[in-house]
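Below: the structure, in structure tokens.
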């Protein structure tokens, strides 16, 4: 009895196996016939890959559908996923020689890809109009350059700032922060918030460590320095870093910002559960294009944004951030890929779908086009971005090894927070090791 | 020719059964393994061809404080986590193997945590349980004890991950159960007649007879725990924090390879790990002759 | 007469004692079970909550029950529903199970009961393949599969299983097959069974607990494994449940936790079902004990 059951299972499985293989073969055959038509020079297929949430997937699929209608001979293979998955897959694809033709790019990783020759340099295509970016302001175009090479094109740009919820401030009976504030004002405001909040929370999340940009980078630029120099050396000195970490350490010791363990607990939590959304802190450093997410999340109040604090008498810290599109160096269909990017950032219908999905479109005409169709919080964000973008100045992209430097930065900041190192010790350790990484 | 025929006559049937495995290892496993061994002697950023640098990666490892930290973390995880998980799984398996009603439901219930695998839900859950305002501290509060933030304090964070490992004991439990099934029932009956209590039965009959399965779970537990990645990756959000206290070996390896693009270095790390695991496994195998009993 | 009544009394007493013991064991198992299940309860309850409720409300139960997460989650993205993802995953899982059971049991039989040259070296090699972290082999493997033109097909996820690349299962079955008494094997051979027949008619039926364990684990691990699926599958038509679930999460933007929990709950049902169904064979399968007598 048992044996016959066993046999039955085996036979069923074998049958399923055959079934599975044959259906797979059919798919493979279809794939091949596509290839054949490529050879005849009519039909080509490019692939485009992006990160995002389900809402973004819907939007981008729509834009691609439009593109395929406009260019019936180009089929776009769509690849998408969340942020971490996206980069894991892209790394593997690029090193495996199977990179998508058009990829989404980000400041955080562009140095790694561009400086290792994985991205196609677009200067020629932009100059001869094959990739028409005439609508782009100079600054937006420049933000896609690594050195002199245009390696990426902004689909949306954004500017960071500090956001607050009006309802929370009203409850606490505190004046809203002013947009033109200094770091001293920032610290004063933080103490004021903490006093009003009492034991219920803190003024702001610990901003001493984590990523090098935007917070620390603004501070360095406002001090007349930057993270890195044009030739890829460390761009800031001991004094700047010491000032930065001392400021945060003082606030931490006074309980104005959360202690190290609490900060760590909230690290990597989803937006809905983070300290700002749950009103554990009253201020949050955030790219303006994400403001509406919090307005959706928090029942009461308006989410407003002010510029990052500055240093009295110092230069502006602002530089353009955004989300970008690149063509990979190994792409066999660079012309079609360029057409796609152009369509994505400048076609009216596409722009109307994109709206401010990853920040308002970089093009002047394009961003005016979407302005009318936005909700109020989105409009506030776009207005903020449009005014602060005027203040933006060029910013050099990081050299290879930036990720290592960044880890070093956050490790040392964490060591101060947990009381494992003094500020002096951490600064010395960081500078030492960072310099040796960048020497290599 | 004659020699070959003789070889075939003596060994052919064995190799016949091994054919799929041999094809697999030659085509699917050997190339990637060999490639990674080669990479470990190179500087390889994954996008450009690797360049030979000899033993530099290996030398650099031993002066890398983060690497040493990851070794320490991993050894603690293996040495405490593996025995704890096995003991727990065996205890529950034996308990469930007794003739108690409703067994099937219990077994399934106890397997549930393992079904979660590396689901991201665990990251949130673990904070709800071990965070500053989590379940554990709420219970401690009731007894007038002040708890700490278990998950974010460098001294305790790793232990919450060990608990996570013990909590997902289902796979070992199932293997123990399958092993317990191979113990002939008559042996228990004759033991009962001899007046042996449950504890004595366990140590005299059950444990010796399931040593092959204990051995398997031990070896696989060691191999798996040395390579543990997902728990730290999801609970710490990929950082290995706080203060690198949960920086598992493979998590650091992943950071090196996939975020810092140092695949040569990562490969060297991998081969050092392989040697360590191989040594640990070899020790277990060497002792196994003394304590593993095969009925065959 | 006297002695027999004493026996009855004794057995009554011990029956009573046994009842108490049973209750104690049961309550222990149940309490532990609740601890084990807490996360599941939490996830299922969250899947019926309004999105804003999931992280903000302190209450364990939804303040307002909603099915929205399920309807919204099931829709998937751009017209590709979770129905498709479930179907795809099932296909992969079934093929993987067949592959693992066939190939691993063959290799295990060879390692456990057959004599051939270089056996211990090959066995050590098999274990060694388990000891290298996959993050360093994944790139070369990707290159190999890319050369074979297997990207965006199920081949990389399924075909390797037919070549017993999962040493875990080979080793597992080796441990079980070694436990089958040699006399039994010899008896079969005396009865005229060749090695192949022995494998089919003796070894396989006798290692059903191990085979079932392999099936359960292959099912669950393949179902949950997302890294391989992430790398090799990019076309949404081929998406699996694990990939579908990841789609809801984007740490750089807005994650759809409600639908994610809803679909996670759904995806646990087949896993749970398979476990319940197969554990019958695991626990009540043929035991070697009976055959040995």
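The values are calculated or read from the model by the stated rules, or taken from the named source; none is laboratory data. Computed from a predicted model, the values in this text were never measured in an experiment. All Cβ positions, glycine included, derive from the backbone under ideal geometry; neighbour counts span all protein chains shown.
If the condition is being under 26 Å from residue A:251 (Cα atoms) and touching a strand residue (DSSP E or B) at 6+ places or on another chain (Cβ under 9 Å), then region A:389-433 contributes A:405, A:431. The numbered conditions (1) at the interface with chain B (Cβ under 9 Å from one of its Cβ atoms); (2) in contact (Cβ under 8 Å) with a residue 12 or more places away in the chain; (3) over 22 Å from residue C:239 (Cα atoms) are all true for residue C:159 except (3). Mind listing just one residue for me: the one in region B:1-24 that is more than 7 Å from every other protein chain (Cβ to nearest Cβ) and either in contact with a helix residue (DSSP H, G or I) (Cβ under 9 Å, 6 or more places away or on another chain) or in contact (Cβ under 8 Å) with a residue 60 or more places away in the chain (or both) and, of those, farthest from residue C:162 (Cα to Cα)? Applying the filter and picking the extreme gives B:8. Every condition in (1) in the same structural domain as residue A:127 (by TED's automatic domain parsing); (2) closer than 21 Å to residue A:143 by Cα; (3) in contact with a strand residue (DSSP E or B) (Cβ under 8 Å, 6 or more places away or on another chain) holds for residue A:336 except the one numbered (2).
If you go through region B:102-126 and keep only what is without any contact (Cβ under 8 Å) to a residue 40 or more places away in the chain, assigned to a helix (DSSP H, G or I) and either closer than 23 Å to residue C:28 by Cβ or more than 11 Å from chain C (Cβ to nearest Cβ) (or both), you end up with B:103, B:104, B:105, B:106, B:108, B:109. Filtering A:201, A:161, A:156 for residues that are within 14 Å of chain B (Cβ to nearest Cβ) and farther than 30 Å from residue B:262 by Cβ leaves a single hit, A:201.
Can you confirm whether region C:34-42 contains a residue that is over 30 Å from residue B:173 (Cα atoms), touching a residue at least 12 places away in the same chain (Cβ under 8 Å) and within 14 Å of chain A (Cβ to nearest Cβ)? So far as region C:34-42 goes, no, none of its residues is over 30 Å from residue B:173 (Cα atoms), touching a residue at least 12 places away in the same chain (Cβ under 8 Å) and within 14 Å of chain A (Cβ to nearest Cβ).
Take the conditions (1) at pLDDT 90 or above; (2) surrounded by fewer than 20 Cβ atoms within 10 Å (Cβ to Cβ); (3) under 30 Å from residue A:437 (Cα atoms); residue A:260 misses just one of them, which is (2).
Residues being within 14 Å of another protein chain (Cβ to nearest Cβ) and not in a loop (DSSP other than H, G, I, E, B) are entirely absent from region A:329-352.
Do we have residue B:252 as buried (at least 19 other Cβ atoms within 10 Å of the Cβ) and in a helix (DSSP H, G or I) here?
Criteria met by residue B:252.
Tell me yes or no: at least one residue of region A:404-411 is farther than 25 Å from residue A:51 by Cβ and within 14 Å of chain B (Cβ to nearest Cβ). Scanning region A:404-411 turns up at least one residue that is farther than 25 Å from residue A:51 by Cβ and within 14 Å of chain B (Cβ to nearest Cβ).
Do we find a residue being within 13 Å of chain A (Cβ to nearest Cβ) and loosely packed, with under 15 Cβ neighbours inside 10 Å anywhere in region B:83-98? Outline the logic, then answer.
If we filter region B:83-98 for residues that are within 13 Å of chain A (Cβ to nearest Cβ), which is where we start, we get none.
Within region B:83-98, none of the residues are within 13 Å of chain A (Cβ to nearest Cβ) and loosely packed, with under 15 Cβ neighbours inside 10 Å.
Applying the criterion of being at the interface with another protein chain (Cβ under 10 Å from one of its Cβ atoms) and buried (at least 18 other Cβ atoms within 10 Å of the Cβ) to the residues of region A:60-77, the residue that is nearest to the chain's Cα centre (by Cα) is A:60.
On the stretch given as region B:255-281, residues that are surrounded by fewer than 23 Cβ atoms within 10 Å (Cβ to Cβ), within 12 Å of chain A (Cβ to nearest Cβ) and either over 20 Å from residue C:231 (Cα atoms) or touching a strand residue (DSSP E or B) at 6+ places or on another chain (Cβ under 7 Å) (or both) total 0.
Quick check, is residue C:76 under 29 Å from residue C:153 (Cα atoms) and surrounded by fewer than 19 Cβ atoms within 10 Å (Cβ to Cβ)? It is false that residue C:76 is under 29 Å from residue C:153 (Cα atoms) and surrounded by fewer than 19 Cβ atoms within 10 Å (Cβ to Cβ). Residue A:154 passes every criterion in (1) touching a helix residue (DSSP H, G or I) at 6+ places or on another chain (Cβ under 7 Å); (2) surrounded by 22 or more Cβ atoms within 10 Å (Cβ to Cβ); (3) more than 23 Å from residue A:293 (Cβ to Cβ) apart from (3).
For region B:180-236, a residue qualifies if it is outside any helix (DSSP H, G or I) and within 13 Å of chain C (Cβ to nearest Cβ), and the qualifying residues are B:181, B:182, B:183, B:184, B:197, B:210, B:227, B:228, B:229.
Within region A:63-91, the set of residues being farther than 21 Å from residue C:245 by Cα and in contact with a helix residue (DSSP H, G or I) (Cβ under 8 Å, 6 or more places away or on another chain) comprises A:63, A:66, A:67, A:70, A:71, A:74, A:75, A:76, A:91.
Can you pull out the residues in region A:151-173 that are in a loop (DSSP other than H, G, I, E, B) and either touching a strand residue (DSSP E or B) at 6+ places or on another chain (Cβ under 8 Å) or under 18 Å from residue A:387 (Cα atoms) (or both)? The answer is A:151, A:152, A:159.
The rows are residues; the columns are (1) buried (at least 17 other Cβ atoms within 10 Å of the Cβ); (2) more than 9 Å from chain B (Cβ to nearest Cβ); (3) in contact with a strand residue (DSSP E or B) (Cβ under 9 Å, 6 or more places away or on another chain); (4) touching a residue at least 12 places away in the same chain (Cβ under 8 Å).
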| residue | (1), (2), (3), (4) |
| --- | --- |
| C:148 | no, yes, no, no |
| C:170 | yes, no, no, yes |
| C:179 | yes, no, no, yes |
| C:216 | yes, no, no, yes |
| C:219 | yes, yes, no, yes |
| C:232 | yes, yes, no, yes |
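Somewhere in region B:24-32, is a residue at pLDDT below 95, outside any helix (DSSP H, G or I) and more than 22 Å from the chain's Cα centre (by Cα)? Looking through region B:24-32, none of the residues is at pLDDT below 95, outside any helix (DSSP H, G or I) and more than 22 Å from the chain's Cα centre (by Cα). So for region C:118-134 (the condition being more than 9 Å from chain B (Cβ to nearest Cβ), buried (at least 22 other Cβ atoms within 10 Å of the Cβ) and either part of a helix (DSSP H, G or I) or over 21 Å from the mean Cα position of the chain (by Cα) (or both)), does at least one residue qualify? Among the residues of region C:118-134, not one is more than 9 Å from chain B (Cβ to nearest Cβ), buried (at least 22 other Cβ atoms within 10 Å of the Cβ) and either part of a helix (DSSP H, G or I) or over 21 Å from the mean Cα position of the chain (by Cα) (or both), which makes the answer no.
Would it be correct to say that residue C:243 is part of a helix (DSSP H, G or I) and either more than 10 Å from chain B (Cβ to nearest Cβ) or modelled with pLDDT of 90 or more (or both)?
Details: part of a helix (DSSP H, G or I): yes; either more than 10 Å from chain B (Cβ to nearest Cβ) or modelled with pLDDT of 90 or more (or both): yes.
Taking the combined requirement at face value, the residue satisfies it.
Scanning region A:92-102 for residues that are in contact with a helix residue (DSSP H, G or I) (Cβ under 6 Å, 6 or more places away or on another chain), in contact (Cβ under 8 Å) with a residue 12 or more places away in the chain and not in a loop (DSSP other than H, G, I, E, B) yields a single hit, A:102.
Could you run through region A:389-410 and say how many residues are assigned to a helix (DSSP H, G or I), touching a helix residue (DSSP H, G or I) at 6+ places or on another chain (Cβ under 8 Å) and in contact (Cβ under 8 Å) with a residue 40 or more places away in the chain? Residues meeting the conditions: 5.
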